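Contents: one structure, followed by commentary.
The values are calculated or read from the model by the stated rules, or taken from the named source; none is laboratory data. Note that this is a predicted model, so its numbers are computed, not measured. Note that we place each Cβ from the backbone using ideal geometry, even for glycine, and neighbour counts take in every protein chain shown. Surface areas here come from the heavy atoms of the whole protein model, side chains and all, with no ligands, DNA or RNA. Shrake-Rupley method; radii C 1.70, N 1.55, O 1.52, S 1.80 Å.
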Number of protein chains: 4
Amino acid sequence: MKLWEKGYSLDKEAEAFTAGKDYLYDQKLVEYDCIASIGHAKMLGEMGYLTKKECKAICAGLKKIISLEKKGKFNITQSDEDCHTKIEAHLTKKLGQTGKKIHALRSRNDQVIAALNLYSKAKLNQILAEINSLQKAMKKADSKNFPMPGYTHMQRAMPSSTKMWFGSFIEMLKKDSKAIALAIEFNDENPLGSGAGYGFPFKVKNHVSAKQLGFKATHTNALAAQNFRAKKELSAVHALLEVMLTLNKFASDLMLFTTAEFGFFELPKELCTGSSIMPQKKNYDVLEIMRSNSGIVFANYSKIFAVSNNLPSGYNRDVQHTKAALMDSIETTLASVKMAQKIVKNLKANPENMKRALTPEVYAAEEVLKLVSKGETFRDAYRKTAKKFSK
Amino acid sequence: MKLWEKGYSLDKEAEAFTAGKDYLYDQKLVEYDCIASIGHAKMLGEMGYLTKKECKAICAGLKKIISLEKKGKFNITQSDEDCHTKIEAHLTKKLGQTGKKIHALRSRNDQVIAALNLYSKAKLNQILAEINSLQKAMKKADSKNFPMPGYTHMQRAMPSSTKMWFGSFIEMLKKDSKAIALAIEFNDENPLGSGAGYGFPFKVKNHVSAKQLGFKATHTNALAAQNFRAKKELSAVHALLEVMLTLNKFASDLMLFTTAEFGFFELPKELCTGSSIMPQKKNYDVLEIMRSNSGIVFANYSKIFAVSNNLPSGYNRDVQHTKAALMDSIETTLASVKMAQKIVKNLKANPENMKRALTPEVYAAEEVLKLVSKGETFRDAYRKTAKKFSK
Amino acid sequence: MKLWEKGYSLDKEAEAFTAGKDYLYDQKLVEYDCIASIGHAKMLGEMGYLTKKECKAICAGLKKIISLEKKGKFNITQSDEDCHTKIEAHLTKKLGQTGKKIHALRSRNDQVIAALNLYSKAKLNQILAEINSLQKAMKKADSKNFPMPGYTHMQRAMPSSTKMWFGSFIEMLKKDSKAIALAIEFNDENPLGSGAGYGFPFKVKNHVSAKQLGFKATHTNALAAQNFRAKKELSAVHALLEVMLTLNKFASDLMLFTTAEFGFFELPKELCTGSSIMPQKKNYDVLEIMRSNSGIVFANYSKIFAVSNNLPSGYNRDVQHTKAALMDSIETTLASVKMAQKIVKNLKANPENMKRALTPEVYAAEEVLKLVSKGETFRDAYRKTAKKFSK
Amino acid sequence: MKLWEKGYSLDKEAEAFTAGKDYLYDQKLVEYDCIASIGHAKMLGEMGYLTKKECKAICAGLKKIISLEKKGKFNITQSDEDCHTKIEAHLTKKLGQTGKKIHALRSRNDQVIAALNLYSKAKLNQILAEINSLQKAMKKADSKNFPMPGYTHMQRAMPSSTKMWFGSFIEMLKKDSKAIALAIEFNDENPLGSGAGYGFPFKVKNHVSAKQLGFKATHTNALAAQNFRAKKELSAVHALLEVMLTLNKFASDLMLFTTAEFGFFELPKELCTGSSIMPQKKNYDVLEIMRSNSGIVFANYSKIFAVSNNLPSGYNRDVQHTKAALMDSIETTLASVKMAQKIVKNLKANPENMKRALTPEVYAAEEVLKLVSKGETFRDAYRKTAKKFSK
């Protein structure tokens, strides 16, 4: 039964068309929606909309749903429409009249944002922790510090080292983490009480639910709470894309450095795949998938932009699509940051190949500086040295 | 067991990371992969790599898999890696030594393209047929031909009609169909024999498999057959995006025309949804989801571009991600074209509201032309009329 | 003076804000707009809206503007709003009352589409011709046919050759040309007579202008003629992106093949750039810019989608932005196809480096087939060979 | 003369192809590059690479270039390659040997990042200030606080007000400003001393240039300083896109609210444009261009992603294209935020039209709450009220 059940049935095809695969993503929100609903129930209690007993029963019912879901016994299907509908229906079935009281002073609009905020905070914090572990693994790996050439335009340029190379990723991840922290801040706000985007005719005690749910702030404008949803999701996906672009650079470098022609690094065969037809192949699919995952997150960014642009204020169903884009980006990035740790830990350097690539021209810029220190102007020293290396 | 099984196990996390959700999409390819494999087996028979008996056994085994799959009894899991691996393993289990012969003279690379080409041809042709039905439904709907204002810049501009409005979509869909026809042509080519992208040391009789599989042409360059994969997928998704942009315009118009303020059209309540909190609401979610589906297909276009750009020749695992983008675009467009038919058939016009909106200024351009026919220059007639309508 | 001049001035900031840089692109449309206006004038003559003398005067005036523009003496500025305004104003200044008659039976909306169609047809045909020259240059270059390894996953896979490599691009360009041909077809239609998107109260003789302008077809629905504009531009940019993706693959391969580590090809220093600090550098910037130009065209595709999605029927000013996206894509692709010819003609192969890279494992798949021909099943032969090459 | 001049000429077509239109954007960097070079010169002085006199001469020469550029007398052309080349050449022409010393201990790579950081900081801070002015203008405008309906799914939903509506943008802009502040922080770092991305064989005193240039931090890893460039540009463009999405919502709302059918707001005719053919038209092009500018900034985001993804570490020429994307986004957003202020200040509300749209069903949710306060469960109260409003 739909939340908006009015005595007639929604056309089955329209139901399938509008729900799409959204219900699969809602499965992952069940826990967060129950937590948010507990916060809401306590506020209803505080405001006198629920008796203490009713509030307790609802909270217990919601906790029960969380534990059912963890055991795989609370499955959202396409005809359930979404997790919110199923949860209210379940409560009403179990608690009777009491269950029918939970939706007072809220709308599905502020409800879904509350669940998404909790989900996003949890997952983005987990990603921050994994980034931290990755930085540590890189720090450990760079301690050997083998000399290697640095490249520009994919041509040998100047002397570099594995320490400088690993260090560049550590540094970029540090900055990427700031973008994630901002995305967390945008989610650290209680949307409850904003209702359908236009609040309620009287003041809702949303500081109660804010405290219950651990939100640092409460929304100050109901319409902004609604309209900011896709925008905050875009911010989160942007921050994740920054992480993935750092890993894309890492994987792109390694795809080059593990070719037979470069041979700077290798991975154990257990982390590589083979070919169905060429028995000699040792393919670095883990690196290719990591490289391509930036494209996945970028496509999600495009999706959120595309479905939310050029729409007037207030909830529009189009925005349903942003949920999958956000969740898929989070899962993709989390998996990539974890896999990057495994790669770093298993990466074997071939310092002799690096050394062989440190051919004399890599030191040409140093020669220029030596001439400068002997009194030549930089540009004259440059041209003199250029002659020596011209073929 | 992997196709490239060599006596050690792929790290479980690397397996999960590289396979991702691809196996879910491979489920939908099982049928097409079996059909393609039958074509390949017949070619192996023709070339003497399989005896008549072996060929017959393999073809029967593959047909059996198709029927198992249709009954939901042939499920690809993440550790199966993909449908191709599972199918060969199944054949070998059932047929022993004979099963181990099916992969001669092919690679997973040409195999997957063969399956995708068959899948794409079938689905794109189905979409063409549904577009045709939609055009017919619109043709029928426009027969009432109510006058309505035409808008530019979202302001009333000149007289239009429901016939002109429906007609614009019929005409655009006609052109969109040409883009789809080109995408079908790109898939109407036999990739078998291109192997891993570098062919085989001797001539493979791919005209045999081409004929078996109903492909109009065979590839002429093995590397192009491989490198063209993402490009042809991009062409298909572009064609689908053109269809979705036509439907996006249709849905955007209707979202405006069904507001309380315009009131030109309405849909029966069975095709509308309600609000969890506002009992009066009759929301046009079917139109909003249709409108937003152009964004979904655009995001898929972005994905195919993003993961395939800046990569060197030859198969790269990155391209695995394009499969989901292609299939999702096809499913989204197919569902949208079907739903559009239902909407057109159920759309109720409110001609009196349209008439009320045909206010005098809508005829200002006609007045100009009347003055021109009386001998005024166009620009002077324009300025004279402008004065009349200036507020 | 604006076409819609009504006795008051448009706010200067609003003028600058709305015109943006569009006037710079309009400069390139002057010629095409004059040609289209000549076609329109002849239709007005045929319909009796212009006397023979007036028609002649207007056509002469328009031809004069074309020649002025070619000499750099007809410059569109931001306050001109666009080329259409400036051209009518110029005619009126030169021809007096006669000039004020040119805009009868048309709107700026069908006028700009007519000019863009003529521009697009001309430029896309030029690109087709340059692609043809590039294919010929590649055909010539592949005649030496040096053996080289083929790569998958950026690892040595199977034997390939420069002939196969060049051939893959020739083949892909052949298919890309089909996408361009479809884009040309979409532009080969006379939009004149569709006016502001709602036609005129009586039949306009647009077959006259169609014939004058060499359009194969005339529009059949005025609103479709208008709404299809951004869609046809998207089709053109998609086709151009397909070309650029082929060149992106070509450039990506060459960036790899020109590294010190691969060393398969090189370009003469006159086609390379240097570093401001490292005197030894020989950078392949021409390849990098070619590689990156696919990104430029993709961004233009994104732009056309983004500004035209989620908009109702009829002209919306948003679409002004698609002009720059279309023109920039055409110029970028044209320059890239031309530069690719120069690169192909100047590319020097190093066959000995290619040969050195043809290490024994490149022939592993061939060994498998040899065992198969001796009676082993493919999969057993594969596993036997795998052992030999395992490290 | 190029910085890397070595006694032969770069092919003219290769020069034009690689420089493209980049030189036009470099014109806007001249001032910032000179400022950065002054900081670098002072560091060279401190390190003994320049005498006090030389340092003074160079700084004076650079200041002279700034003033020439402001007078339009220092124009970068395509064959100049970029502003950096032209500036060094100019110094050398004016100062002889001294000018040839400026490029010691830097590369064009760290030089261009220094100029871009200074440019970005200045412009992003300017945008922050304009956002602040816009918020104030909105605050002032909302003081009248007319009641109006709030919409969801583009249907009348619940009571809202002009105060709530304006307030939603004020609130979102507050959050958008945080994203811009982070982008500023990413640019508030001295890249000088990172050279070509691999530093120098000895410690460069970059704290000196940092202090001179007002950078809060100095880079800690030379390669990261280089690789982070496109990433920080992406962050800036993302922040600008957030601003534009807020303005897109504002413009989308107003396009709806200024239709004849809604009639909630209007703008004076001086801010509107007319039609070339329909004399009655009053078009809100300023709103349409504002609405579409989010698409422009999104396309720039796509461009930066597209050209920088899948590239190995170290400078690659592809990244040249990000400069135009960044600058165009900054200019577009700045112009839009300014125009938004003018719109807000000139917007005329029609409170009677708003009132007329506050039809009884807008208060349905309130009725439900009244029943709840009388003891009904929320869901039963909802269903009872639904019956009343069902048609």
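Here the protein assembly as shown is assigned +1 on the Cβ of each Lys and Arg and -1 on the Cβ of each Asp and Glu. Its dipole about the Cα centre then comes out at about 0 debye.
Between the alpha-carbon centres of the range B:82-127 and the range C:106-170 there is a gap of 31 Å.
The C-alpha atoms of chain B define a longest principal axis, and helix B:52-70 lies at about 40 degrees to it. Among A:2/A:70; B:249/B:345; A:345/D:231; A:101/D:370; A:269/C:387, which pairs are too far apart, with a Cα-Cα distance over 20 Å? Over 20 Å apart, Cα to Cα: A:2/A:70; A:345/D:231.
Highest mobility in the GNM of chain D, judged by mean-square fluctuation with C-alpha springs under 10 Å and restricted to D:259, D:377, D:18, is found for D:377. What the phi angles of the range A:338-349 give under the Karplus curve with 6.51, -1.76 and 1.60, with θ = phi - 60°, is a coupling list of 5, 5, 4, 4, 4, 5, 4, 5, 9, 6, 10, 7 Hz, glycine and proline written as x. Remark on residue A:152: its backbone amide H falls under 5 Å from those of A:157, a criterion applied only to residues 5 or more positions apart or on other chains, H modelled at 1.01 Å from N. With contacts taken as Cα pairs under 8 Å and at least 6 residues apart, chain C reaches a relative contact order of 17 percent.
Considering only D:314, D:294, D:258, the residue lying farthest towards the positive end of the dipole of the range D:238-358 is D:258, judged by Cα position with unit charges set on Cβ. Within chain D, what is the longest stretch that has no chymotrypsin sites (Phe, Trp or Tyr not before Pro) placed in a DSSP loop and near at most 13 other beta-carbon atoms within 10 Å? The longest such stretch corresponds to D:9-201. Out of every Cα-Cα pair that chain A contains, those further apart than 31 angstrom amount to 51 percent. What number comes out for the charge environment of residue B:168, summing +1 per Lys or Arg and -1 per Asp or Glu over other residues with Cβ under 13 Å away? Taking every other residue near residue B:168 into account, the sum is +3. Could you check how many percent of all C-alpha pairs in the range B:124-228 are farther apart than 25 Å? Tail of the P(r) past 25 Å holds 49 percent of the pairs. Kindly tabulate the residues in the range B:137-182 with an accessible-area decrease of at least 50 Å² between the chain alone and the assembly of all protein chains, using a probe of 1.4 Å. Buried on complex formation: B:152, B:153, B:154, B:155, B:156, B:158, B:164, B:171, B:172, B:175, B:178, B:182. Both chains summed, the buried accessible area for C and B stands near 7900 Å², from protein heavy atoms and a 1.4 Å probe.
Computed on the Cα atoms alone, the convex hull of the protein assembly as shown gives a volume of 167 cubic angstrom per residue.
A Gaussian network model of chain B, with springs between Cα atoms under 10 Å, assigns the largest mean-square fluctuation among B:30, B:112, B:372 to B:372.
Using the Cβ-Cβ distance between residue B:185 and residue B:63 with R0 set to 25 Å, the FRET efficiency from 1/(1 + (r/R0)^6) comes to roughly 0.30.
Counting DSSP beta bridges in the protein assembly as shown, what percent are antiparallel, to the nearest 5? List each step's numbers first, then the result.
Numbers: 36 of 44 bridges.
Counting only bridges with both partners in the protein assembly as shown, antiparallel ones make up about 80 percent.
To the nearest 0.05, how large is the calculated FRET efficiency for residue D:359 and residue C:8 if R₀ is 41 Å and r is the Cβ-Cβ distance? Using R0 = 41 Å, I get an efficiency of 0.65.
Quantify how strongly other chains surround peptide B:381-388 by giving the mean number of their Cβ atoms within 10 Å of each of its Cβ atoms. Write down the numbers at each step before the final one.
On the way: counts 4, 13, 6, 1, 3, 10, 3, 2.
Rounded to a whole number, the mean comes out at 5.
If you line up the long axis of helix A:108-141 against the longest principal axis of chain A, both from Cα atoms, how many degrees apart are they, to the nearest 10? Approximately 20 degrees, to the nearest 10. Comparing B:276, B:107, B:37 in a Gaussian network model of chain B, where Cα atoms under 10 Å apart are tied by springs, the biggest mean-square fluctuation is seen for B:276. Label zone (residue A:338, point 7 Å along Cα-to-C-beta; backbone nitrogen cut-off 20 Å) within the range A:89-129: A:119-129.
For chain B, the longest principal axis of the C-alpha atoms and the axis of helix B:364-373 are separated by about 70°. For the range C:237-358, the Cβ-based charge dipole about the Cα centre amounts to some 200 debye (Lys, Arg positive; Asp, Glu negative; other atoms uncharged). Estimated translational diffusion coefficient (Stokes-Einstein, Kirkwood radius over Cα pairs, 25 °C, 0.890 mPa s) of the range A:109-178: 169 µm² per second. When the solvent-accessible area of the protein assembly as shown is split by element, carbon and sulfur atoms take up 53 percent of it, the probe being 1.4 Å. Contact with the other protein chains removes 20 Å² or more of accessible area, compared with the isolated chain and a 1.4 Å probe, from these residues of the range C:5-30: C:5, C:6, C:8, C:10, C:11, C:13, C:14, C:17, C:18, C:21.
Can you tell me the dipole magnitude for chain B around its Cα centre, using point charges on the Cβ only (Lys, Arg +1; Asp, Glu -1), in Debye to the nearest 20?
Values: 61 positive and 40 negative charges, 205 e Å.
Dipole magnitude for chain B comes out near 980 debye.
Applying 1/(1 + (r/R0)^6) with r as the Cβ-Cβ distance of residue D:77 and residue A:125 and R0 = 60 angstrom yields a FRET efficiency of 0.70.
In terms of the Cα gyration tensor, with a ≥ b ≥ c the square roots of its eigenvalues, is the range C:282-391 rounded because a/c is under 1.5, prolate because a/b exceeds b/c, or oblate?
Working: a/c = 4.60, a/b = 2.04, b/c = 2.26.
Judged from the Cα gyration tensor, the range C:282-391 comes out oblate (a/c at least 1.5, b/c at or above a/b).
The mean sequence separation of alpha-carbon pairs under 8 Å and at least six residues apart, normalised by the residue count of the range C:121-226, gives a relative contact order of 22 percent.
Take the Cα of residue B:207, step 7 Å toward its Cβ, do the same at residue A:331, and the gap between the two points is 4.8 nm. Residues of the range A:313-334 whose accessible area (probe 1.4 Å, heavy atoms of protein chains only) drops by at least 20 Å² once all protein chains are present, relative to their chain alone: A:313, A:315, A:316, A:317, A:318, A:321.
In whole percent, what relative contact order does the range C:29-145 give with Cα contacts below 8 Å and a gap of six or more residues?
Values: 88 pairs, mean separation 38.1, N = 117.
It rounds to 33 percent for the range C:29-145.
On a straight-distance basis, which aspartates and glutamates could pair with residue C:73 in a cross-link, Cα separation under 18 angstrom, same-chain partners fewer than 8 positions away excluded? Once the sequence-local aspartates and glutamates are set aside, what remains near residue C:73 is C:26, C:31, C:33, C:81, C:82, C:88. For the protein assembly as shown, the solvent-accessible area with a 1.4 angstrom probe is 33 square angstrom per residue.
Could you state the number of Å between the C-alpha centres of the range D:1-62 and the range C:184-214? Result: 54 Å between the Cα centres.
Per residue, chain C reaches -21000 deg cm²/dmol at 222 nm when only DSSP H runs of four or more residues are counted, each adding -39500 (n - 2.57).
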